Each structure stands twice: as C-alpha cells, then as structure tokens.
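Working notes, structure below.
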Ligand code: SAH
Ligand code: F3S
C-alpha cells in the first residue's frame, strides 16, 4: 500500500508552486500519494508563510491540532518561509515536529523525511532549485518560477531573509518548462517571482543578457501557448519598454499587479520602495494610455510606522485616481529581521484598524462602480474550475472571474461570455452562441 501525504499550503503562489514540487518529489522518489484528510496521512507537511505575524500564529495552532489527531507514527514536517526564519526554534516549541525545511530547500524534501530532527534552512542558492518537477495541480495552467529570492530591501518585508538573494533562472529552462506544459495541454503559463520585472539582474553563471521584456517575447513564440500571466512586477522597474510589450503582445494577459504599498511619497521612502506617488501615477497613466482595457490590482499596507492621517489620505487619493480592480490590503505587521521592526513611531493599533476599514469601504464603492462597466459586455473566458453549484468558472484575459451554468466539457476551453449579472468578486454570464 502506498504511503499517504497531506500538505497544507499557506501564503503566496510561490508557496503553491513549492508544494507542487514537493508532491512530485515525494511521489516519484518515495511513492507517496496525496490525501485530503490529515488524519489518514503518514506524512503531514505545512508549507508556511511568514510575511505577517498571523500566519505564524496559525502554524503553531495547526501543529497542535495535527499532532493531537494524527495517525499513530505519522511524521509532521514544517516547510517554507517560517521554517526558514524560525529554524530549530520550531522543534523547540513543538518537539513532535520531525524536520524543518526552508523555502529555498524544498528540493531536498525526499531526503529530509528520513532525517529525524533535521533542520535545512540554507538560503544560499543551489542549482537544484531551478529544475522543478512538471507536476501541476491544474491541467489548464502552469505556474513556472522565473526567479528565486528578492534583492530589494523594503523595510517591512521578511521575504529577502527567508528566500535569500535574487537569482534568475536561465530563460532556456523556463521556455523548455513552458513548452512541456503546453505539450501536456496547458494553454496558460503563470510566471512567478518576487520581483518578476527585475528578471535577468543576476544569473548563476555566464549568461546572455535577457531582461523580462525579452523573456516575454521569447515565451510568446511557443505555439499553442495562448496566455501569459505573471506576478509580481515592481512599480520601480516598470519602464516604457516593458509597458509597451505588455500592452501590444497579444499573448500577455491584460491584468497588471502594481503593488503600491502606500500613496504617500514620505511613507514610500521610509519603506525604501524606490518610487514616489507621482512615479506610480505616471506609470498607471502610461499603462492606461497604451492599454485602456487592462485591469490593475495592488497591495496596500496601512499604519506603517510614522503614517500620519495626511499620508493615509494620499493612499486614498491614489485609490480614487486609479480605481484599482482588486486590492489586497493589510495592516502593517512588524516582522523580525526587518529594518522597520526597529522604528519607534508606531501607529496605534485602533487607528490602523480604522484605516483598513475606511480603505476597504472605499474600495467596495469603487468595485461596484467598476463592475457596472461590465454589464452586457462580452469577454473571452478560459474555463478552469467546476463549481459545486452547476456552474463552471474561469478568467477573462484581464483577470475578471466569470461563471456560467455548465459542466466539465467547458473546462480547458475558451468561450465568449456575455455578462448578465454583477458581483464584486465574480460576474455571471451566458455563452454567446
Ligand atoms: N514581492 C512580493 C511581495 C511579497 S509579500 C510580491 O509582490 O508578491 C506580499 C504583500 O504582503 C506585500 O506586497 C505587502 O503588501 C504585504 N506585506 C509584506 N510584508 C508585510 C508586513 N510586514 N506587514 C503587512 N503587510 C506586509
Ligand atoms: Fe518584499 Fe519588497 Fe522584495 S515587498 S519580496 S522586499 S520587492
């Protein structure tokens, strides 16, 4: 009988890709099969996130639950970013944990499961990281890493400490991986990196100079590949060449994630983001001029140390001007090993909560306004998910989630859909015959 594996994945798309790789390694080398219920598993893994404090708390409460109810003899391993930053302290706090494997070390999963109490959290680059297995959780789209780590030093962010310095994966490996995904039926690739448009800054050895724009051009030559998405680009690196390629290359999906973080140039400076409010708005203007149909999403942090009411008003001002199609908003959470954790001009927690609420209600109004534009319009949708309620859902080129009544046969196909009913996160429509 095969051994059973349960993995819980917290955090970002890069963690999801790491999970796919670990599942594939454990399948091929150790004969594991995945199960949905951790109580049946011989090996329980938590792939962790440490970007804010809450997921770290969640880890320890989950670990307790897993340990209490797990099958007798089952092992528990902690992987990912919290593994990288807490290391052996995890085993000190939860002695029943069998091993700790950092975000940069996931290729070692098949070895570490045999080493009791091992801690592998080296963040130096290792070329074995580049060759991720082709196992995909969705047959329709392929997540592909294009770089590892991050070389920025945003003062709030722990990621450079958990994922190490930035290394670009050679473009020929990325193109070969995308080609294999297309050969296996995927029509969309989703390129991943902490800072994708800084691609090409550093390769591990001698390598031809290839920047992100050139990588996109090369990838779009793959026949049968219809859609290219990526996350996340950095506003600082959005030069004209990149925006023009985005706008005019028909394979690149017209949705851009532009993580603003704050609308105040003063706060942006304290965050060491490398751009100002004016630069951000200028890039949005350029993007909208080249590509009016593009949707724009963003990340915003409120209550960063020193954020005054006036600074926060600048954030609301950018929101009113840009009218983002989606916002991921967070209250600042001090993280270990970051510069900002030492800042003493903290914002009162209650003020932070109020700002978050104010921001989210403004966004709700903007979304209702934005959605009205979509009524009666037709979008080309790539269907990927079968919903429980007799609907099938997918995304438009510009990343709007749309559902229609239907079944499996729509999955993996492109269809024209006319919008008949609006919602903030999902629109409903009917197929255009
Ligand atoms: N470059 C990565 C950023 C990863 S962190 C990417 O673009 O995907 C994802 C988001 O979490 C950040 O954009 C930021 O908005 C938020 N975040 C990071 N550190 C944070 C902190 N200390 N407190 C609150 N939010 C944070
Ligand atoms: Fe974090 Fe800034 Fe890099 S948000 S991942 S340090 S670009």
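The values are calculated or read from the model by the stated rules, or taken from the named source; none is laboratory data. All figures in this text were calculated on a predicted structure; none of them were measured in a lab. As a convention, Cβ positions derive from the backbone with ideal geometry for all residues, glycine included, and neighbour counts pool all protein chains shown.
Of all residues in region 248-270, which are without any contact (Cβ under 8 Å) to a residue 40 or more places away in the chain and under 30 Å from residue 343 (Cβ atoms)? Listed by number, the residues that qualify are 268, 269.
In region 229-245, the qualifying residues are those that are buried (at least 17 other Cβ atoms within 10 Å of the Cβ) and more than 19 Å from the chain's Cα centre (by Cα), and the one that is farthest from ligand 2 (Cβ to nearest atom) is 245.
Within region 177-196, the set of residues being within 28 Å of residue 84 (Cβ to Cβ) and either in a loop (DSSP other than H, G, I, E, B) or out of contact with any strand residue (DSSP E or B) (no Cβ under 8 Å at 6 or more places or on another chain) (or both) comprises 193, 194, 195.
Return yes when residue 376 is within 22 Å of residue 139 (Cα to Cα) and touching a strand residue (DSSP E or B) at 6+ places or on another chain (Cβ under 9 Å) and no when it is not.
Working: within 22 Å of residue 139 (Cα to Cα): no; touching a strand residue (DSSP E or B) at 6+ places or on another chain (Cβ under 9 Å): yes.
The answer is no for residue 376.
Among the residues of region 296-309, those identified as surrounded by fewer than 19 Cβ atoms within 10 Å (Cβ to Cβ) and touching a helix residue (DSSP H, G or I) at 6+ places or on another chain (Cβ under 9 Å) are 306, 308, 309. The helices (runs of 4 or more DSSP H) located wholly in region 71-167 that include 3 or more residues which are in contact (Cβ under 8 Å) with a residue 60 or more places away in the chain and on the phi < 0 side of the Ramachandran plot occupy 81-86, 159-163. Looking at region 86-109, is at least one residue within 16 Å of ligand 2 (Cβ to nearest atom), over 22 Å from residue 48 (Cβ atoms) and in contact with a helix residue (DSSP H, G or I) (Cβ under 6 Å, 6 or more places away or on another chain)? The answer is no, given that none of the residues of region 86-109 is within 16 Å of ligand 2 (Cβ to nearest atom), over 22 Å from residue 48 (Cβ atoms) and in contact with a helix residue (DSSP H, G or I) (Cβ under 6 Å, 6 or more places away or on another chain).
For every residue, the table says whether it meets (1) assigned by TED's automatic domain parsing to the domain that holds residue 192; (2) more than 16 Å from ligand 2 (Cβ to nearest atom); (3) farther than 30 Å from residue 344 by Cβ; (4) modelled with pLDDT of 95 or more.
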{"site": "259", "(1), (2), (3), (4)": "yes, no, no, yes"}
{"site": "269", "(1), (2), (3), (4)": "yes, no, no, yes"}
{"site": "288", "(1), (2), (3), (4)": "yes, yes, yes, yes"}
{"site": "297", "(1), (2), (3), (4)": "yes, no, yes, yes"}
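Residue 6 falls short on exactly one of the conditions (1) touching a helix residue (DSSP H, G or I) at 6+ places or on another chain (Cβ under 8 Å); (2) in contact (Cβ under 8 Å) with a residue 40 or more places away in the chain; (3) at negative phi, and that condition is (2). The combined condition, being within 18 Å of the chain's Cα centre (by Cα) and at pLDDT below 95, is not fulfilled by residue 193. Within region 64-78, is there a residue that is surrounded by 23 or more Cβ atoms within 10 Å (Cβ to Cβ) and farther than 24 Å from residue 189 by Cβ? Within region 64-78 (the criterion being surrounded by 23 or more Cβ atoms within 10 Å (Cβ to Cβ) and farther than 24 Å from residue 189 by Cβ), the answer is yes, since at least one residue qualifies. Among the residues of region 43-69 satisfying the criterion of being outside any helix (DSSP H, G or I) and touching a residue at least 40 places away in the same chain (Cβ under 8 Å), which is farthest from ligand 2 (Cβ to nearest atom)? Per the criteria, the residue is 43. The residues of region 421-433 that are touching a strand residue (DSSP E or B) at 6+ places or on another chain (Cβ under 7 Å) and without any contact (Cβ under 8 Å) to a residue 40 or more places away in the chain, listed by number, are 421, 425, 426, 428, 430, 431.
Considering only region 304-325, state which residues are under 19 Å from the mean Cα position of the chain (by Cα) and free of Cβ contacts under 8 Å to residues at least 40 places away in the same chain.
none
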